[in-house]
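What follows is a short report on a single structure.
The values are calculated or read from the model by the stated rules, or taken from the named source; none is laboratory data. Remember, predicted model here, so these are calculated numbers, not experimental data. Cβ placement follows ideal geometry from the backbone for every residue including glycine, while neighbour counts extend to all protein chains displayed. Ligands, DNA and RNA are excluded from the accessible area calculation, which covers all protein heavy atoms including side chains. Shrake-Rupley method; radii C 1.70, N 1.55, O 1.52, S 1.80 Å.
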Amino acid sequence: MACCTSPYSNEHSRLQVVRWWTVAQCGGWLLGLGLLLTLWWQPTLGLHIFWDVLIPVAPALVMLAPGLWRNICPLGTTSQLGRRILTYRGGSLQPQWQARMGLIGVLLLITLVPLRHPWFNLSGTATLFLLLAAGITALLVGGLFSGKSGWCAGICPVHAVERLYGTRPIATVTSGHCSTCVRCTVPCPDTTPGIRHGQGHSTIARKSTRLLIIGGFPGFVLGWFQVQDGSPILEASTWLWPIGCMVISMVLWMLLQFVLPKTDSRKVDAIFATLAISSYYWFRIPALFGFGVFPGDGQLVNLNGVVPFEVFNIARIALVMFFVWWLIIRRPTPKPWMYKPPQVNTKSKPIVISIGLAP
């Protein structure tokens, strides 16, 4: 299906919209800087803001409005600084390497998330250095490769989750980073309607990413909530629960792929995406208010003994029903996360570095 055309056909109007996005990006970037300072000076407060406020909102935002999130993400903004301030275009990225960078992002995700229990959930310093490392990496790969191919559509660990949850966005927005399209990655995750894992040039890396993030993520999320904060990094259960449940989930997904017709592949993916986000909020919402599997872990406010637990049961059942409707039952017209910006004149495009083997 062809990409949508931006409604901002008037160049002046389009540039004004981009300026508004720039204001929002600056605000998001300053909030990110404020979070880093809070983690340094008031680590307990910083940990609550990041892990117990921002992160719980992220999956729902990515599911409903991935384009909005990708426009204002502070790390995404950081990755584009070289291109937008220094007008540096970067080198092109071959499809094979694009897929490999996506796989690296998924491997980073399933490595770093279990480390929340022994380190990041408990230490403001550890979380601070994690975010600083992510910012430096985003800046470097964003400068090395053209457009958003290096970070936002490449090695960013969150990008795989965006593709998992964001197949049915509520709205399409104008790109806040790309004033012109340089075809940095094909297919473009931002402007391809109904983008999902597996689209594009088929490679072992892309198939592995699809297996891990679609097949394995529901089990990974479920297993992660069975581990207590403060568990030693070398303790078997710290890794056995999330990775073990992930393997079981992958096996189930592969069996369904083998048994069911290929025409049902998209629905199976939607079911597994629903299982993943439902598992997250099924455990996360009670934990935020003192009703978690492990009392005190991931707690924002303790309402235990103040609000009946049945209230949270009703809330999470309602959320699961909403996710089932949104990701499985609903039949929206496929739409992209963002409108496609005007394509750059390839005749005047400078020579760029090519990474990887030529096809």
For this session: For segment 124-131, state whether one or more residues are without any contact (Cβ under 8 Å) to a residue 12 or more places away in the chain, open to solvent by 30 Å² or more (accessible area, probe 1.4 Å) and not charged (D, E, K, R).
Result: yes
For this session: Among the numbered conditions (1) part of a loop (DSSP other than H, G, I, E, B); (2) in contact (Cβ under 8 Å) with a residue 12 or more places away in the chain; (3) over 30 Å from Leu81 (Cβ atoms), tell me where Trp241 comes up short.
Result: (1)
Problem set entry | Count of residues meeting criterion [farther than 18 Å from Pro56 by Cα, assigned to a helix (DSSP H, G or I) and small (Gly, Ala, Ser)] in segment 147-167 | 2
For this session: Could you check, for segment 287-301, whether at least one of its residues is part of a helix (DSSP H, G or I) and at pLDDT 95 or above?
Result: yes
Problem set entry | Residue count for segment 162-197, restricted to those that are open to solvent by 20 Å² or more (accessible area, probe 1.4 Å) and within 16 Å of the chain's Cα centre (by Cα) | 5
Problem set entry | Residues being at pLDDT 80 or above, in a loop (DSSP other than H, G, I, E, B) and surrounded by fewer than 16 Cβ atoms within 10 Å (Cβ to Cβ) - total across segment 198-209 | 0
Problem set entry | In segment 251-270, the residues that are within 21 Å of Trp325 (Cα to Cα) and open to solvent by 70 Å² or more (accessible area, probe 1.4 Å) | Thr263, Arg266, Lys267
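What are the residues in segment 215-244 that are more than 27 Å from Leu288 (Cβ to Cβ) and surrounded by 15 or more Cβ atoms within 10 Å (Cβ to Cβ), if any? Give the derivation first.
Taking segment 215-244 and keeping what is more than 27 Å from Leu288 (Cβ to Cβ), we get 215, 234, 236.
If the condition is that a residue be more than 27 Å from Leu288 (Cβ to Cβ) and surrounded by 15 or more Cβ atoms within 10 Å (Cβ to Cβ), then Gly215 is the only one that fits.
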For this session: List the helices (runs of 4 or more DSSP H) that sit entirely inside segment 64-146 and contain at least 3 residues that are in contact with a strand residue (DSSP E or B) (Cβ under 8 Å, 6 or more places away or on another chain).
Result: 66-72
Exercise. Looking only at residues in segment 43-81 that are touching a residue at least 24 places away in the same chain (Cβ under 8 Å) and more than 22 Å from the chain's Cα centre (by Cα), which one is least open to solvent (accessible area, probe 1.4 Å)?
Worked result: Pro43
For this session: Return yes when Gly176 is in a helix (DSSP H, G or I), out of contact with any His (no Cβ under 8 Å at 6 or more places or on another chain) and closer than 19 Å to Arg84 by Cβ and no when it is not.
Result: no
Exercise. Taking segment 293-314 as the region of interest, how many residues are within 19 Å of Ile277 (Cβ to Cβ) and either loosely packed, with under 14 Cβ neighbours inside 10 Å or out of contact with any helix residue (DSSP H, G or I) (no Cβ under 6 Å at 6 or more places or on another chain) (or both)?
Worked result: 3
Exercise. Out of all the residues in segment 102-114, which are over 11 Å from His159 (Cα atoms), crowded, with 17+ Cβ neighbours inside 10 Å and touching a Leu at 6+ places or on another chain (Cβ under 9 Å)?
Worked result: Ile110
Exercise. Taking interchain pairs and intrachain pairs at least six residues apart, which have beta carbon atoms under 7 angstrom, with the first residue in segment 277-290 and over 13 Å from Ala60 (Cβ atoms) and open to solvent by 10 Å² or more (accessible area, probe 1.4 Å) and the second part of a helix (DSSP H, G or I) and β-branched (Val, Ile, Thr)?
Worked result: Ser279/Val221; Trp282/Val320
Exercise. Is it fair to say Pro66 is within 30 Å of Arg330 (Cβ to Cβ), touching a helix residue (DSSP H, G or I) at 6+ places or on another chain (Cβ under 7 Å) and of a type outside the set (Lys, Arg)?
Worked result: yes
